[in-house]
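The values are calculated or read from the model by the stated rules, or taken from the named source; none is laboratory data. Worth saying up front: this structure is predicted, and the values here are computed from it rather than measured. In this analysis, Cβ positions are derived from the backbone assuming ideal geometry, glycine residues included, and neighbour counts consider all displayed protein chains. The area values use the complete protein model at the heavy-atom level, side chains included, leaving out ligands, DNA and RNA. Shrake-Rupley method; radii C 1.70, N 1.55, O 1.52, S 1.80 Å.
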Amino acid sequence: MPDTTALTKSTEAPAAATDAPAATDAGPAPGKPRSLWSDAWHDLRRNPLFLVSVVLILLLAVMAIFPSLFTSASPRDANLAEHYLQHPNWGHFFAPDWLGYDVQGRSIYARLIYGARASITVGVVVTVAVTITGLAIGMVAGYFGGWLDTILSRITDVFFGVPFIVGAMVILTTFEERSVWVVILSMAFLGWTSIARVARGSVITIKQADYVVAAKALGASTFRILTRHILPNAIAPVIVVATIALGGYIAAEATLSFLGIGLAEPTVSWGIDVSAAKDQLRNAPYVLVIPSVMVSITVLSFLMFGDAVRNALDPKMR
């Protein structure tokens with residue numbers, strides 16, 4: 001009789017050996033290389049600067065959209081007889097008298113909350129407008145080149161040579177009523193030049209890439225090449241410039257309002273409050289300092305956000 005035990009062992013051994021590679025193949029596949037955007041998001045999530053700026057920006061956005069969540073007081077209610085330059089009551093947190101009252105007897109805390117709407121609206125809308133305008137002009141100039149590039153580049157140089165604040169002052173003085181949208185249009189009219197230059201340089205580099213040449217050889221239309229191949233690869237430096245510039249537009253709005261040429265009453269704005277309080281620096285410095293600090297925090301939040309995005313999207317910064 002043959003040894004069935006040895007035969008069984010000999011027949012089971014190859015099966016075990018063949019099963020081993022299968023178990024190895026069923027294991028986790030090696031990770032794929034991340035794209036630029038996923039790699040940037042991976043870095044941003046671990047950047048404390050980015051996390052702090054996002055928390056502050058979200059808080060400012062909620063203040064601008066839902067100011068009634070933070071205060072029930074009206075920013076326009078004035079009572080000179082009872083509240084003229086009344087000092088802050090630090091014990092009443094988030095109450096109308098928490099940060100005191102201004103020269104017209106209005107709650108500084110309420111105006112601080114409601115003033116976020118004008119500043120955030122101006123900064124975000126101007127940034128979106130100049131990004132779209134500058135990106136379109138830069139892409140057309142960089143892709144087609146030739147006489148069209150020359151004309152658009154010279155126009156960009158003319159606008160770039162105009163000082164931003166001075167040019168906005170000249171435009172705004174021609175309007176009798178300076179609403180939020182008038183300020184937005186005047187700033188957007190002058191602020192697209194930097195993004196146009198960045199977009200043009202990026203497109204000039206990208207249009208020489210192999211995948212763009214291959215798309216042209218396959219007969220792809222110009223619109224498809226611009227939107228499907230060039231735009232996704234050229235937009236990263238534009239986003240960096242736009243995020244950093246957003247804080248600058250908020251500061252510019254406050255500066256114009258402080259000079260009396262930007263937003264005007266009855267619009268609630270931090271720049272208007274700083275302008276109205278500039279003569280009370282000795283008597284009631286808190287009236288000037290509080291809205292000024294709020295402007296600084298807002299601008300700093302967007303600058304930190306833009307700086308973090310730049311470090312994540314620019315390989316040279318790593």
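Of GLY134, GLY138, GLY105, GLY115, all but one fail to be more than 33 Å from the chain's Cα centre (by Cα) and open to solvent by less than 50 Å² (accessible area, probe 1.4 Å); the exception is GLY105. The residues listed here are SER257, SER296, SER269; of these, the one that is surrounded by fewer than 19 Cβ atoms within 10 Å (Cβ to Cβ), of a type in the set (Ser, Thr, Tyr) and either in contact with a Leu (Cβ under 6 Å, 6 or more places away or on another chain) or within 28 Å of VAL241 (Cβ to Cβ) (or both) is SER296. Note on the stretch 150-186: residues that are of a type in the set (S, T, N, Q) and surrounded by 15 or more Cβ atoms within 10 Å (Cβ to Cβ) total 3. The number of residues in the stretch 277-296 that are in a helix (DSSP H, G or I) and farther than 21 Å from TYR249 by Cα comes to 7.
Considering only the stretch 196-230, how many residues are out of contact with any Ser or Thr (no Cβ under 6 Å at 6 or more places or on another chain) and within 18 Å of GLY138 (Cβ to Cβ)? Please lay out each step first, then the result.
Quick first cut of the stretch 196-230, residues out of contact with any Ser or Thr (no Cβ under 6 Å at 6 or more places or on another chain) only: 197-230.
Keeping just the survivors that are within 18 Å of GLY138 (Cβ to Cβ) gives 197-209, 212, 222-223, 225-230.
Total meeting the criteria: 22.
Filtered by the rule that a residue be surrounded by 16 or more Cβ atoms within 10 Å (Cβ to Cβ), under 19 Å from PRO266 (Cα atoms) and out of contact with any Phe, Trp or Tyr (no Cβ under 7 Å at 6 or more places or on another chain), the stretch 41-72 gives a lone residue, ALA64.
Can you pull out the helices (runs of 4 or more DSSP H) entirely within the stretch 180-243 that have at least 1 residues that are within 24 Å of the chain's Cα centre (by Cα), within 27 Å of ILE57 (Cα to Cα) and touching a residue at least 12 places away in the same chain (Cβ under 8 Å)?
On the way: elements: 180-190, 193-206, 210-217.
Of the helices (runs of 4 or more DSSP H) lying wholly inside the stretch 180-243, those with at least 1 residues that are within 24 Å of the chain's Cα centre (by Cα), within 27 Å of ILE57 (Cα to Cα) and touching a residue at least 12 places away in the same chain (Cβ under 8 Å) span 180-190, 193-206.
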